[in-house]
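The values are calculated or read from the model by the stated rules, or taken from the named source; none is laboratory data. Because the structure is a prediction, the values reported are computed rather than measured. Cβ: placed from backbone, ideal geometry, glycine included. Neighbour counts: every protein chain shown.
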Amino acid sequence: MWYSVANDKIYDMSVDFVGLRLANPVFLASGTCGYGDELSDFLDMNALGGFVTKSITLKPRKGNPTPRIVETSSGMLNAIGLANVGLDCFVEEKLPMIEGLSTAVFVNVAGETIDDYVAVVERLAGEKGISGFELNISCPNVKHGGITFGTDPAQIEEITRAVKAASGDKPLMVKLTPAVTDIAVSAQAAVNGGADALSLVNTFTAMVIDIEDQRPVLANRTGGLSGPAIKPMAVYLVNRVFQAVGGQVPIMGLGGIATASDAVEFMIAGATTIAVGTATFAQPDCAMAIIEGIGQYCRKKGVSNIKEIVGCLQ
């Protein structure tokens, strides 16, 4: 997407990401925009670079018992537990709406076993409305699957290879958990397994306690911390992964992005694209302001192409 600016200068906000030409680098993150229609009253979904759907599992999931969301200082804890409509309902009810969009749509895929992941991806690999897949191996709020795959490099490589083989010609992005000693090791394992891109970071496991009842607020006891509170850690981890594998695959950066300045930080650290999540709960259309703000930054810095700032950290 080309924008005209003063003095007849122009800057290009479009990005190339896993073989896709995107209008801009701004996505909405999985779990925060549903299946696309939930936020369509607040913003033009086609004006985004893309979005990632809520997780899809082979069978419908009710998720964890309530309460499963609680606000924290500069953030939010959630323990949704991958509640979703399931593969069949997604194909019948959600996919027709997605096929009407012109923006890139990645389907977040979750499961309890490798076979679960493969079955979902095999079923969706031929659907034209889907641009790619995000492999969710880093959810901290489920007892089976989820983060158990994402903390073991050998399992990361194994599940990535299996799902990549099922994805056909659609790109596969692997979502990394911060709950590891060295996230660069996880990143390399995903790349070795055939990942086309990486997204990071998922939430940090945390707890809030009701001091009157002396019990955890969340029914699940713990939840995933997101929002501005985690942004400095997420920026660091994106840069760590960029230094390790940035020459091999592109990165989608996320974790506490609420403003254009936040987004630019992630891109300077090494992210080709960024995803907005928790901020949409407070301001559903904030992605539009972020897109505009990134453009203003480019104009201010004399950047002619947005890719010039990716990984430019001194």
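For the range 58-69, indicate whether the set of residues that are assigned to a strand (DSSP E or B) and under 29 Å from residue 216 (Cβ atoms) is non-empty.
Yes: one or more hits.
Only one of (1) touching a Lys or Arg at 6+ places or on another chain (Cβ under 9 Å); (2) in a helix (DSSP H, G or I); (3) closer than 24 Å to residue 181 by Cα is not met by residue 256, so which one is it?
(2)
Can you pull out the residues in the range 251-276 that are more than 13 Å from residue 309 (Cβ to Cβ) and surrounded by 24 or more Cβ atoms within 10 Å (Cβ to Cβ)?
Listed by number, the residues that qualify are 251, 252, 254, 255, 256, 257, 275, 276.
With the structure loaded, tell me whether residue 303 is surrounded by 22 or more Cβ atoms within 10 Å (Cβ to Cβ) and not acidic (Asp, Glu) or whether it fails that test.
no
Conditions tested, residue by residue: (1) free of Cβ contacts under 8 Å to residues at least 24 places away in the same chain; (2) farther than 23 Å from residue 45 by Cβ; (3) part of a strand (DSSP E or B); (4) small (Gly, Ala, Ser).
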{"residue": "77", "(1), (2), (3), (4)": "no, yes, yes, no"}
{"residue": "89", "(1), (2), (3), (4)": "no, no, no, no"}
{"residue": "95", "(1), (2), (3), (4)": "no, no, no, no"}
{"residue": "102", "(1), (2), (3), (4)": "no, no, no, yes"}
{"residue": "105", "(1), (2), (3), (4)": "no, no, yes, no"}
{"residue": "120", "(1), (2), (3), (4)": "no, no, no, no"}
{"residue": "127", "(1), (2), (3), (4)": "no, no, no, no"}
{"residue": "134", "(1), (2), (3), (4)": "no, no, yes, no"}
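Restricting to the range 260-314, what's the tally of residues that are among the aliphatic types (A, V, I, L, M) and part of a helix (DSSP H, G or I)?
Filtering the range 260-314 down to residues among the aliphatic types (A, V, I, L, M) leaves 260, 263-264, 267-269, 271, 274-276, 279, 282, 287-291, 294, 303, 306, 309-310, 313.
Add one more test, that the residue is part of a helix (DSSP H, G or I), and what stays is 260, 263-264, 267-269, 279, 282, 287-291, 294, 306, 309.
Final tally of qualifying residues: 16.
So residue 206 clears everything in (1) among the small types (Gly, Ala, Ser); (2) over 22 Å from residue 15 (Cα atoms); (3) within 15 Å of the chain's Cα centre (by Cα) except one condition, right? Which one?
(3)
Taking the conditions exactly as written (surrounded by 20 or more Cβ atoms within 10 Å (Cβ to Cβ) and assigned to a loop (DSSP other than H, G, I, E, B)), does residue 231 satisfy them or not?
no
Give me the residue from the range 1-51 that is aromatic (Phe, Trp, Tyr) and modelled with pLDDT of 90 or more and, out of that set, surrounded by the most Cβ atoms within 10 Å (Cβ to Cβ).
Filtering the range 1-51 for residues aromatic (Phe, Trp, Tyr) gives 2-3, 11, 17, 27, 35, 42, 51.
This time we only want the ones that are modelled with pLDDT of 90 or more, so: 17, 27, 35, 42, 51.
Details: 17: 24, 27: 29, 35: 19, 42: 15, 51: 27.
If we take residues in the range 1-51 being aromatic (Phe, Trp, Tyr) and modelled with pLDDT of 90 or more, then 27 is surrounded by the most Cβ atoms within 10 Å (Cβ to Cβ).
What pairs can you find where one residue is in the range 36-51 and in contact (Cβ under 8 Å) with a residue 12 or more places away in the chain and farther than 18 Å from residue 93 by Cβ, the other is aliphatic (A, V, I, L, M) and part of a loop (DSSP other than H, G, I, E, B), and their Cβ atoms are less than 7 Å apart, with a gap of 6+ or different chains?
Pairs that qualify, where the first residue is in contact (Cβ under 8 Å) with a residue 12 or more places away in the chain and farther than 18 Å from residue 93 by Cβ and the partner is aliphatic (A, V, I, L, M) and part of a loop (DSSP other than H, G, I, E, B), are 46/101; 49/23.
Under 7 Å by Cβ, and 6 or more places apart or on different chains, what pairs join a residue from the range 172-189 that is closer than 11 Å to residue 152 by Cα with one that is of a type in the set (Lys, Arg) and at pLDDT below 95?
Sorted first by the residue in the range 172-189, then by its partner, the list stays empty.
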